[in-house]
Amino acid sequence: MERIYFDNAATTALDKDVLEAMLPYMTTHFGNPSSIYSYGRETRLAVESARKTVARLLNAHPGEIFFTSGGTESNNTAIAAAVYDLGCKHIISSPIEHHAVLHTVEHYGRGDVTLSFVKLLPSGHVDLDDLDEQLASQADRCLVTLMHANNEIGNLLDINSVGMLCKKYNAIFHSDCVQTVGHYPLDLRKTPVHFISGSGHKFHGPKGVGILYVNDNVKIHPFILGGSQERNMRAGTENVYGIVGFAKALEVAMDSYEKDSAYIQSLKTYMIEQLRRRIKCVSFNGDAEGKSLYTVLSASFPKTERSEMILFNLDINHICASGGSACTSGADQGSHVIHAINNNPNLVTVRFSFSKYNTKEEIDMVVDKVGELI
Ligand code: PLP
């Protein structure tokens, strides 16, 4: 039986055009971009043209784009730089960030540096009044790190309003955009943000490659020390085929953004309708039908002996979905996000997340199976 893959917030299948763009850099074009002879020059050119493509698609300057090993490294780099290089003495984040931010702010928010979390509204959205009050009450410079879209419940942050608040208080603003780069058109010249993080494998690009956007107005030191790659900002021989793949995946994603996003949103809406029709007691987490990522649907069901085994039983039935973020899928540790927004021990939660490769027929099959397993 064919598997049904509804875990696209964890990772996505590589687009075949992306693979094609990457292949030469895994075979014939293997030079080290730091080498001065022809092999090196051709891979250096590939890295720099990928940077230009990414910058054009995000409306940034090429000098503001740094390639990293993924979203986790980008988040770590931005948060460490805000503390060590930009004088931030207080960090404001949210309890529903991905662990790549949460564990990092817990690490840096110690000693001289303090840490607080914004309040959340019942919808799971950030309470902007609380953010305003927290910023106003701090004498020291703050780092605000808030994700653009939540990977578990899909809630979308009003990144412009947060950026304007940060501007008002001279705070540094970092946004983990791992779930939105390649899924929404971003215009970084018009977005009041100092850092954003993106990751290739969330939009049909390769794993192990990401970007950190660093606004021209901030000057930071490297997080990874060693060679002079990435204009002295990120040491280590470049992941050339990953970088080429990242740029190609972003190009493909943005070329078909309108068509793909409308299609994937129609799948999500259809699944909400079908789950409601089939399972009367289903509820949806976050602002599922409001300001929400079109790729993610988090559903909760009453906890019973049977429903508690749902992820396991879905897997046996060749359906891939998760209980929370990728790190917790499979292992039933509960999700810190669900815990923060809906502290109801009598519910079990499943995150379904979609891509352009999913179909309505797959949704029908999954809803039928969920109906049987609840
Ligand atoms: N931030 C968010 C919101 C994510 O969903 C993920 C991936 O699960 C990450 C960060 C980590 O990205 P990467 O896997 O590229 O390190």
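What follows is calculated from the coordinates using simple rules that are stated; it is not laboratory data. Everything quoted here is computed from the prediction, not taken from an experiment. Virtual Cβ from ideal backbone geometry, glycine too; neighbours counted across all protein chains shown.
If the label point is 7 Å along Cα→Cβ of THR304, which residues in region 336-374 have backbone nitrogen under 11 Å from it? Residues 371-374 qualify, since their backbone N sits under 11 Å from the label point. Anisotropy class assigned to region 225-295 is prolate, per the alpha carbon gyration tensor with a/c at or over the 1.5 cut-off and a/b larger than b/c.
With the simple model of a label 7 Å out from the Cα in the direction of the Cβ, ASN344 to SER49 spans 5.4 nm.
In units of 2.2 N^0.38 Å, what is the alpha-carbon radius of gyration of region 74-168? Before the final figure, lay out the partial values.
Details: Rg = 12.5 Å, N = 95, 2.2 N^0.38 = 12.4 Å.
The value comes to 1.01.
Stretching ASP255 away from LYS167 to a fully extended chain increases their span by 28.5 nm, per 0.36 nm per residue minus the current alpha-carbon distance.
Look at the alpha carbon pairs under 8 Å that are at least 6 residues apart: their mean separation over the length of region 116-215 gives a relative contact order of 20 percent.
What length, rounded to one decimal in nm, is gained on full extension from ASP187 through to HIS61, with 0.36 nm per residue of separation minus their alpha-carbon distance? Write down the numbers at each step before the final one.
Values: separation 126, 0.36 × 126 = 45.36 nm, distance 1.12 nm.
Going from the current span to full extension adds 44.2 nm.
For the chain, the gyration tensor built on C-alpha atoms gives an oblate shape. Its axis ratio a/c (a ≥ b ≥ c) is at least 1.5, and a/b is not larger than b/c.
At q = 0.16, 0.18 Å⁻¹, what log₁₀ I(q)/I(0) does a Debye calculation on the Cα points of region 1-110 give, no solvent, two decimals? For region 1-110 at q = 0.16, 0.18 Å⁻¹, log10 I(q)/I(0) is -1.01, -1.09.
Using 18 Å as the Cα-Cα cut-off, could you pick out the over-long pairs in LYS52/LYS248; LYS280/LYS356; LYS280/LYS360; LYS202/LYS291; LYS119/LYS167; LYS303/LYS360?
Details: LYS52/LYS248 11 Å; LYS280/LYS356 28 Å; LYS280/LYS360 20 Å; LYS202/LYS291 20 Å; LYS119/LYS167 20 Å; LYS303/LYS360 27 Å.
With Cα atoms farther than 18 Å apart: LYS280/LYS356; LYS280/LYS360; LYS202/LYS291; LYS119/LYS167; LYS303/LYS360.
Helices in the chain, meaning DSSP H runs of at least 4 residues, each add -39500 (n - 2.57). Divided by all residues, the mean residue ellipticity at 222 nm is -11500 deg cm²/dmol. In order along region 351-362, phi translates into HN-Hα couplings of 9, 9, 9, 10, 9, 5, 8, 7, 9, 5, 4, 5 Hz, rounded to whole numbers, per the Karplus curve 6.51 cos²θ - 1.76 cosθ + 1.60 with θ = phi - 60° and x for Gly and Pro. Database remark: amide H of SER322 closer than 5 angstrom to the amide H of ARG351 (H placed geometrically; neighbours at sequence offset of 5 or more, or on other chains; Pro and chain starts carry no H). Under 5 Å between amide hydrogens, built in the peptide plane, is the criterion, and for MET147 it picks out ASP176 among residues at least 5 positions away or on other chains.
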